[in-house]
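One structure below.
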């Protein structure tokens with residue numbers, strides 16, 4: 001069971017303070033898909049969205065410096081004011097990333113890219129094989145991905161880090177036999193396909209040794225080389241330079257913190273919201289999010305995950 005435990009490992013030195021902060025913002029719970037493995041499938045309300053666009057933009061204006069606002073859901077492309085939020089964030093000087101099931105048509109995606117005003121960070125398209133379920137559908141997904149990737153490279157602010165496009169897919173047991181072929185197919189098309197382990201009750205499923213070997217050989221969770229990440233006791237900038245935000249404005253240090261309703265930062269829309277000012281030790285046995293890892297918000301030394309995830 002993935003439960004919080006007391007810090008049991010010596011503290012390493014934190015990484016340098018990240019110049020750019022990151023917010024993972026679940027802008028809604030609404031989604032046009034109903035995937036069997038979705039971690040949100042048991043939510044009582046799958047139709048909420050961040051309704052007070054003006055107040056959210058005012059709150060983002062109060063953040064110090066430049067932040068990467070990572071929009072997810074639900075499905076952000078069903079949010080009724082997505083373009084208004086995106087253009088507003090861009091006007092504030094922030095960068096905008098998005099995690100989408102990529103079901104929106106190309107014209108709709110183009111409007112989003114235009115609203116971002118050249119300030120897109122990461123465009124992450126999720127390949128849900130329960131919906132994109134045959135060769136023709138996968139080929140259409142690939143072609144669309146190539147078009148969007150090319151568009152991102154054409155239109156971006158050259159004073160900022162270059163935008164990136166990636167594809168993710170959940171490594172369910174049903175799709176494990178297809179993964180090597182799929183990774184090769186996307187690589188040949190010039191698109192990066194990253195795998196995400198399947199979770200039930202928010203914990204990674206108990207893959208057997210052969211399944212773990214395949215996942216590690218294909219790069220592990222989002223090509224980090226590991227399937228399950230264990231950072232307990234290591235200093236992390238989450239809570240200071242990274243936080244989780246929901247559609248109601250509630251903010252938490254990280255995803256495990258929100259799960260256990262601990263380390264609240266207050267409501268982002270109100271005076272109660274407060275960021276930390278330093279890296280502090282992780283308090284959780286496992287971490288299901290790779291954003292702090294990819295943004296170098298915790299040290300690489302001292303991690304026990306490499307041995308535990310080896311085939």
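The values are calculated or read from the model by the stated rules, or taken from the named source; none is laboratory data. Source: prediction; values computed, not measured. Positions of Cβ are generated from backbone atoms using ideal geometry, with glycine treated the same way; all protein chains shown enter the neighbour counts.
At a glance:
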quantity	calculated
Neighbours by Cβ (under 7 Å, 6+ apart or cross-chain): first from region 282-300, touching a residue at least 24 places away in the same chain (Cβ under 8 Å) and on the phi < 0 side of the Ramachandran plot; second in a helix (DSSP H, G or I) and crowded, with 17+ Cβ neighbours inside 10 Å	284/256; 287/256; 288/255; 289/255; 298/292
Residue among 168, 180, 184 that is under 20 Å from the mean Cα position of the chain (by Cα), closer than 21 Å to residue 218 by Cβ and either without any contact (Cβ under 8 Å) to a residue 40 or more places away in the chain or buried (at least 16 other Cβ atoms within 10 Å of the Cβ) (or both)	168
Residue check for residue 270: more than 25 Å from residue 124 (Cα to Cα), in a loop (DSSP other than H, G, I, E, B) and at pLDDT 90 or above	yes
Extreme residue, farthest from residue 212 (Cα to Cα), among residues of region 145-181 that are in contact with a strand residue (DSSP E or B) (Cβ under 8 Å, 6 or more places away or on another chain) and in a helix (DSSP H, G or I)	152
Qualifying position, being modelled with pLDDT of 95 or more and touching a helix residue (DSSP H, G or I) at 6+ places or on another chain (Cβ under 6 Å), among 182, 193	193
Complete set of residues in region 241-258 that are crowded, with 24+ Cβ neighbours inside 10 Å, more than 14 Å from residue 70 (Cβ to Cβ) and touching a residue at least 40 places away in the same chain (Cβ under 8 Å)	256
Any hit, region 203-214, residues being part of a strand (DSSP E or B), in contact with a strand residue (DSSP E or B) (Cβ under 6 Å, 6 or more places away or on another chain) and surrounded by fewer than 20 Cβ atoms within 10 Å (Cβ to Cβ)	yes
Looking only at region 217-231, and only at residues there that are surrounded by 19 or more Cβ atoms within 10 Å (Cβ to Cβ) and touching a strand residue (DSSP E or B) at 6+ places or on another chain (Cβ under 6 Å), the one that is farthest from residue 31 (Cα to Cα)	231
Checklist (1) surrounded by 15 or more Cβ atoms within 10 Å (Cβ to Cβ); (2) more than 17 Å from residue 241 (Cβ to Cβ); (3) modelled with pLDDT of 95 or more applied to residue 9, failing item	(3)
Condition met for residue 151 (more than 22 Å from the chain's Cα centre (by Cα), crowded, with 16+ Cβ neighbours inside 10 Å and farther than 24 Å from residue 288 by Cβ)	no
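Each row is one residue, and each column tells you yes or no for (1) surrounded by fewer than 21 Cβ atoms within 10 Å (Cβ to Cβ); (2) at pLDDT below 95; (3) over 26 Å from residue 175 (Cα atoms); (4) touching a strand residue (DSSP E or B) at 6+ places or on another chain (Cβ under 6 Å).
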residue: 15; (1), (2), (3), (4): yes, yes, yes, no
residue: 25; (1), (2), (3), (4): no, no, yes, yes
residue: 39; (1), (2), (3), (4): yes, yes, no, yes
residue: 47; (1), (2), (3), (4): yes, yes, yes, no
residue: 62; (1), (2), (3), (4): yes, no, yes, no
residue: 74; (1), (2), (3), (4): no, yes, no, yes
residue: 81; (1), (2), (3), (4): yes, no, yes, no
residue: 101; (1), (2), (3), (4): no, no, no, yes
